[in-house]
Every structure is written in structure tokens, then in C-alpha cells.
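Below: one structure, written as C-alpha cells.
The values are calculated or read from the model by the stated rules, or taken from the named source; none is laboratory data. This is a predicted model, so every value here is computed, not measured. Ideal geometry is used to build each Cβ from the backbone, glycine not excepted, and the neighbour counts take in all protein chains shown.
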Amino acid sequence: MLVTGGAGFIGANFVHRALAARPGLRLTVLDALTYAGNRDSLAGVADRITLVHGDVCDGDLVDALVRDCDTVVHFAAESHVDNSLQDPTPFLRTNVEGTFVLLEAVRRHDRRLHHVSTDEVFGSLPLRGDEAFTEQTPYDPSSPYSATKAASDLLVRAWARSYGVRATLSNCANNYGPYQNVEKFLPRQITNVLRGQRPKLYGTGENVREWTHVDDHNDAVLLILDAGRLGETYLIGSGAQWSNRALLELTLTLLGRPADDFDHVPDRPAHDLRYACDSGKIRRELGWRPRWADVPDGLAATVDWYRRNEWWWGPQKAETEARYAAIGR
Ligand code: NAD
Ligand code: TDX
């Protein structure tokens, strides 16, 4: 198996999970080790994998790696909305061109591909109401990040239809869990509190996200690899919708701080109001169920992980907060 972006948050958790689930698996990670990639996330399994430090846009390298595997799981991406608003260039390159390069290699060598994507491609739902995205919802991305993910999804669908590439796609809701970069909402707030800094809430904090534990996401990916129908898209989400404000208050409480001990900062431009996925298809067809359906339990475990693993997140923290300070958030 070739895992692109396997030194990132979801990819590294996937590598751990896939090796545990499939003891004989031979696994290669292709990762450019950008600011978001971290060898330390793979420390416990370093002797069981091959880590190739390289770029998914490098056609010759990708061709050789794809030729030598049966299955490709594609996580590699630029993944942070705020960064995409500051400079979209690497998003176009990695998310669009990188997926194109991979698709061409998969096509040449007739390999199985699973493409990992996000519910952000569908845009924003109204704040109130119980509407949710489905596999049929038209794409309507708001940010440069989600627009490039949407483009990559459409390339995968077209390569499956036009060339018979054996591909599946998944669009998952917001993930949380170990090894998530401290630029993202929950790790940023948890590590702020652990460092004695006040958490930062964008705008009013009424925006709603559906929080899915990274292990539940990765179990879904493993199920799709085993039994997903080729050419199909599967939406993945725990069903647990939380406003940013409510989740921040819970985080503060878990860390023993008053629930209102945070700062409001200016809102993100084009800030999507609400995401929610109807994951009925993967539940019905593949029997997927989230094991961490209860966010307070999953968040408590995640807070505990960040408490115990400052060696992992400490080196990223100052630079990340300096980037936020530069944009006033
Ligand atoms: P991440 O930013 O933590 O990790 C991305 C990884 O890709 C890093 O290891 C980075 O070094 C690597 N990478 C970046 N550019 C590369 C390049 N040109 N060549 C090779 N490797 C490169 O991201 P994540 O949160 O783990 O997200 C992984 C995937 O899951 C992305 O495709 C993202 O769109 C999708 N996704 C994320 C979430 C979420 O909540 N984080 C939810 C749904 C879907
Ligand atoms: O400091 C913050 N304060 C804050 O209020 C940060 C970093 C974020 N927020 C808000 C913005 C969002 O409404 O919290 C919410 C979550 O923010 P992010 O962690 O940046 O996630 P989001 O923009 O929702 O996108 C995430 O989920 C979908 C991932 O980063 C994407 O890669 C994934 O595709």
C-alpha cells in the first residue's frame, strides 16, 4: 500500500491503524514533510514502513512508487483554510496538480486508488435546521482550500469514468484526535490553555461543525478499500454537531478553566456557517459506525493526549501562533 501524506494528521493515524489491522501489510509513505508533516508521528512504526521524503507532484517518483504497490490511499494535501486565504499557490499545486499526477500514474499501472476529501467541497449549510450534505449535493466551495479539494474530487471522478480508473472517494467532516497540527481549532485551543494563553474564537463562534474522531474516519477508509463500490463516493460523519463556542467551552471545562476564559478574534472571511454529513450510505452499505460517537469522551482522550505529548506539539507552537498574530487572529 502507498499512503500519500502519511506523515500528516489523518495519514499518520491511518498508517498506525492499517498496520494494526493488517499485520502482513507492506506500506510505503510518500510525504513532502511540509510544516504539516512530521516524522515523529510515525516514530512507533518507523521500522515497519518505508518513508519516502518526496513530492506528490514529482511524476517520475510517483510513477515508480505507484508501479510498486497494489493500492494507493491519497491523503496528501495542503489542508488549512486560513493558510489558503493567505496564499493559495501551494494548494493549487499539491491538491490539484498532485492529484492529477497521481491519477495518471494509477491509470498507467491500473492500481486501486482511494481519494480522501472533505465535506467543505459542498459549501455552507444554513445555521439553523437539520439539512445535511449527501453524495448528491452540488459542489459549492467557499475557500481556496475547498475549491482545490473540489477540483481534485472532480478529477478523480472523471478519471474513473473516462479511463476506468479503479477509484473510490470519501468526503469526511471535521476530524479530531492525536497528531493534529496545532494550527487547527481544537489543538490550537488545547495547547493555548496548556501554555497559559487564552483560546481564540473566530467571530461569534456560532458556526457549527460535525466532529468525527480520526480513528472512525480511518476505519471508514479501510472499509471502503475492502468493500466500497468502484467509482462511488461515500460521506463520513459522526452526526455530532457542535457550535465552535460550545466546543470551546467544553474544552476549557475539561482543562479545569472557567468556560468563558477565551478571547473573541475577528472572523475568518467567507466563514462557512455549518457543515453536516448524511452518512447513511456508508452505514447501510458497509456497516460503518463511529465508535467515538460521544464527542466529550473523544475530546477528553484528545486533551489527555496533548497533555502527555508536548514533545510532539511543543516545537510547532510558537511559529504557528506567530502566523496567527500576523493576520490578527
Ligand atoms: P495535514 O495537513 O495534517 O497533512 C497533510 C500531509 O500531506 C502532511 O504530512 C504534508 O507534509 C503532506 N503534503 C503536503 N504537500 C505535499 C506534497 N506536495 N507532496 C507530498 N506530501 C505532501 O492534513 P490532514 O488534516 O491530515 O488531512 C489529510 C487529508 O484529509 C487531506 O486531503 C484533507 O483535505 C482531508 N480531510 C481532512 C479533514 C480534517 O478535519 N483535518 C477532514 C476531512 C478531510
Ligand atoms: O483559532 C481558531 N478559532 C476558531 O474559532 C481556529 C483555528 C478555528 N476556529 C473556527 C473556524 C472553524 O469554524 O473553528 C472551526 C474549525 O476550524 P479549523 O480547525 O480551521 O477547521 P475547518 O476550517 O472547519 O476545516 C477542517 O475540517 C475540514 C480541516 O482543517 C480541513 O482540512 C477539513 O477538510
Check your understanding: Could you list, in sequence order, the residues of the range 302-328 that are charged (D, E, K, R) and either surrounded by fewer than 17 Cβ atoms within 10 Å (Cβ to Cβ) or within 16 Å of ligand 1 (Cβ to nearest atom) (or both)?
Key -> Asp304, Arg307, Arg308, Glu310, Lys317, Glu319, Arg323
Check your understanding: If you check Ala270, Ala293, Ala259, which single one turns out to be aliphatic (A, V, I, L, M), in a loop (DSSP other than H, G, I, E, B) and modelled with pLDDT under 95?
Key -> Ala293
Exercise for review: Please work out which residue is farthest from ligand 2 (Cβ to nearest atom), limiting yourself to the range 107-138 and to residues that are small (Gly, Ala, Ser) and surrounded by 12 or more Cβ atoms within 10 Å (Cβ to Cβ).
Suggested key: Ala132
Check your understanding: When residues of the range 31-45 are filtered for being out of contact with any Leu (no Cβ under 6 Å at 6 or more places or on another chain) and either away from ligand 1 (no atom under 11 Å from the Cβ) or aliphatic (A, V, I, L, M) (or both), how many remain?
Key -> 7
Check your understanding: Taking the range 281-300 only, how many residues are of a type outside the set (Lys, Arg) and without any contact (Cβ under 8 Å) to a residue 12 or more places away in the chain?
Key -> 1
Review point. Of the residues Asn192, Asn181, Asn171, which single one is within 16 Å of ligand 2 (Cβ to nearest atom), within 21 Å of Phe75 (Cα to Cα) and surrounded by fewer than 24 Cβ atoms within 10 Å (Cβ to Cβ)?
Key: Asn181
Review point. Is it true that His217 is farther than 18 Å from Val303 by Cα and either of a type outside the set (Asp, Glu) or out of contact with any strand residue (DSSP E or B) (no Cβ under 6 Å at 6 or more places or on another chain) (or both)?
Key: yes
**Study point:** Residue tally, condition of a type outside the set (D, E, K, R), more than 8 Å from ligand 1 (Cβ to nearest atom) and over 15 Å from Ala240 (Cβ atoms), over the range 180-189
**Key:** 3
Practice item. For the range 61-73, indicate whether the set of residues that are closer than 22 Å to Trp312 by Cβ and either in contact with a His (Cβ under 9 Å, 6 or more places away or on another chain) or within 11 Å of ligand 1 (Cβ to nearest atom) (or both) is non-empty. Key: no
Practice item. Scan the range 293-302 and give yes if some residue there is in contact with a His (Cβ under 7 Å, 6 or more places away or on another chain), at negative phi and not basic (Lys, Arg), otherwise no. Key: yes
Exercise for review: Would you be able to say whether some residue in the range 85-92 is within 16 Å of ligand 2 (Cβ to nearest atom), under 19 Å from Asn218 (Cβ atoms) and within 18 Å of the chain's Cα centre (by Cα)?
Suggested key: no
Practice item. Kindly indicate whether Ala12 is among the small types (Gly, Ala, Ser), out of contact with any helix residue (DSSP H, G or I) (no Cβ under 6 Å at 6 or more places or on another chain) and more than 14 Å from ligand 2 (Cβ to nearest atom). Key: no
